[in-house]
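Please read the structure below before turning to the comments.
The values are calculated or read from the model by the stated rules, or taken from the named source; none is laboratory data. Keep in mind the model is a prediction, meaning the values are calculated, not measured. Reconstructed Cβ throughout: ideal geometry from the backbone, glycine too, with neighbour counts over all protein chains shown.
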Amino acid sequence: MIRAADADSRAEEAVSIYDTTLRDGAQGENVHFSLSDKLRITRKLDEVGISYIEGGWPGSNPKDLAFFREVAHLPLRTSRIVAFGSTRRAGTAVEEDPQILMLLDADTQAVAVFGKTWLLHVREILRATAAENLAMIQETVAFFKQRGKEVIYDAEHAFDGYREDPGYALETLAAAAEAGADWVVLCDTNGGSLPKQVAELTALARQKIGCRIGIHTHNDGELAVANALAAVEAGATQVQGTINGYGERTGNCNLISTIANLELKLGKRALPAGSLSRLRELSYFVDETANLAPNPRAPFVGRCAFAHKGGTHVNAIGKLCRSYEHIEPEAVGNRRRILVGELSGRSNIVIKARELGLTLREDDERTRGVLQQIKEMEGRGYEFEAADASFELLLRRRLLPYPPFFDLVEYHVSIRRFPAKKYEVSEATVKLSVQGEPVYTVAEGDGPIHALDQALRGGLERFYPDLARVRLRDYKVRILSPEGGAAAATRVLVESSDGVRSWTTVGVSTNIVEASWEALVDSIEYWMLRSERCAGAGMPQARSEAASPP
């Protein structure tokens with residue numbers, strides 16, 4: 001298993017990370033950033049130690065203009081802000097091109113300008129000559145260099161252009177280098193190149209043009225990260241991409257995966273010491289800011305990245321983690337997760353029990369019993385890998401039985417609809433026995449499940465006031481046997497939170513109200529069991545003592 005410290009000890013030349021989440025990433029479908037969002041992400045990228053942050057195209061929209069005004073007041077420590085634009089227009093003097101002047105007015109230390117490498121674009125899109133395109137590149141780069149800017153030249157469609165006309169493609173790269181570009185970045189703009197092709201042109205460009213080389217890849221062939229790594233191995237020392245791979249079409253090079261691979265696999269320094277363990281934090285922060293759900297299967301940082309379910313795998317993990325893990329999860333800020341389900345073995349139960357402070361042996365009959373119960377319940381539709389809280393309750397009920405917090409006497413749910421008044425209300429009544437005292441509660445809700453939840457909480461909060469902090473965050477329903485029609489088995493997953501932590505519980509029944517009730521009761525019971533605040537009520541708490549085999 002590779003450790004971050006091992007990579008640091010053999011680190012070679014550093015690779016500069018260039019983030020374009022705020023510009024190229026924002027071109028992805030359903031990705032939207034407000035001005036405040038862009039500034040928040042900029043601060044986070046700077047905290048983590050990203051070398052370059054591309055803030056946007058000043059000539060494209062008012063928000064980007066406002067960003068460059070505001071970002072100038074941020075006390076950034078490690079990142080250099082970059083304004084993005086294009087080479088001058090064909091037939092226009094560089095000093096008179098409005099978008100060039102707006103790029104200059106952004107007042108950043110560095111500018112990135114893209115130009116054409118592919119003759120198809122020169123002739124059919126720009127409607128310019130090959131010679132004019134070379135002049136556009138050279139004059140634009142020179143214009144910004146004369147004004148003291150660091151210039152990053154993005155060679156758009158570099159690989160397509162090279163495949164069609166290698167000589168002309170290299171001429172465009174040389175034009176930028178000779179005009180003083182600090183970086184020439186090879187762009188796989190259509191995302192269709194293969195690692196071998198990327199490595200070939202990168203090595204050739206590094207040899208021919210005498211300028212630092214960067215790489216900018218798109219993910220249309222699902223090779224953006226592989227292509228970026230191939231370029232680095234061929235001599236590129238800057239990688240452009242976006243956090244979580246946001247971007248147009250299928251997205252850009254995912255910087256989260258790229259940084260992890262650079263540092264842990266190639267021994268290249270991409271972030272300041274200590275920042276690699278913040279990758280997961282960065283990934284989730286950007287998803288949250290973009291109001292997008294994190295990808296649970298994202299390499300390195302996703303919830304599933306180090307999740308183990310199969311009994312054989314878990315048995316091996318319990319003996320030697322690197323037997324089924326390519327890195328230590330903590331190196332990138334993640335953690336190992338052991339799942340339980342119908343494919344589990346006894347090792348899954350033993351390790352999960354250990355996480356809860358409970359001691360079990362694989363040859364313990366109770367371990368066999370828990371495993372058999374889980375397999376039987378999953379056969380009926382339960383899913384414990386997505387409902388850790390329900391699994392913990394199951395385990396504790398078998399190993400450390402505790403008195404109930406409350407007992408259900410009965411519940412009733414009704415829906416009244418008044419079409420003439422366009423009015424509908426759901427009402428639930430719940431009868432409980434709490435600490436030997438009868439409790440009767442009635443509540444209304446937006447639907448039958450909401451009403452039932454409100455009535456249950458209303459009856460319990462007099463005894464457990466802090467329960468008011470617990471809120472339902474998500475409610476998912478899945479029909480398990482569609483062929484059953486209205487009598488189909490239904491699985492309900494409920495995610496709850498007390499503002500500090502969150503947990504998920506599961507219920508299954510042919511009656512959706514019953515399945516929901518089961519998940520709701522588990523959710524509340526789990527919070528009570530884990531909460532120190534229950535101590536004041538004289539009720540059982542989460543127990544830390546081990547449940548040793550007899």
Among the residues of the range 157-208, the number that are crowded, with 24+ Cβ neighbours inside 10 Å and charged (D, E, K, R) is 1
In the range 27-44, residues that are out of contact with any Gly (no Cβ under 8 Å at 6 or more places or on another chain), part of a helix (DSSP H, G or I) and closer than 23 Å to residue 249 by Cβ total 2
Of the residues in the range 65-106 that are free of Cβ contacts under 8 Å to residues at least 24 places away in the same chain, outside any loop (DSSP other than H, G, I, E, B) and charged (D, E, K, R), the one that is surrounded by the most Cβ atoms within 10 Å (Cβ to Cβ) is 69
Taking the range 363-385 and keeping only residues that are at pLDDT below 80, under 28 Å from residue 512 (Cβ atoms) and acidic (Asp, Glu), one is left with 378, 383, 385
Of the conditions (1) under 17 Å from the mean Cα position of the chain (by Cα); (2) part of a loop (DSSP other than H, G, I, E, B), the single one that residue 271 does not satisfy is (1)
Evaluate the following for residue 350: is it under 30 Å from residue 397 (Cβ atoms) and either in contact with a strand residue (DSSP E or B) (Cβ under 8 Å, 6 or more places away or on another chain) or not polar (S, T, N, Q) (or both)? yes
Exception for residue 115 within (1) out of contact with any strand residue (DSSP E or B) (no Cβ under 6 Å at 6 or more places or on another chain); (2) over 27 Å from residue 174 (Cβ atoms); (3) crowded, with 24+ Cβ neighbours inside 10 Å falls at (2)
Pairing a residue in the range 306-327 that is assigned to a strand (DSSP E or B) and surrounded by 16 or more Cβ atoms within 10 Å (Cβ to Cβ) with any residue that is modelled with pLDDT of 80 or more and small (Gly, Ala, Ser), where Cβ atoms lie under 9 Å and the two sit 6 or more apart in sequence or on different chains, gives 308/316; 327/260
From the option list 151, 185, 122, single residue qualifying as touching an Asp or Glu at 6+ places or on another chain (Cβ under 6 Å) and farther than 17 Å from residue 231 by Cβ is 151
* To do: Assess whether residue 301 counts as being closer than 30 Å to residue 253 by Cα, at pLDDT 85 or above and not in a loop (DSSP other than H, G, I, E, B).
  => no
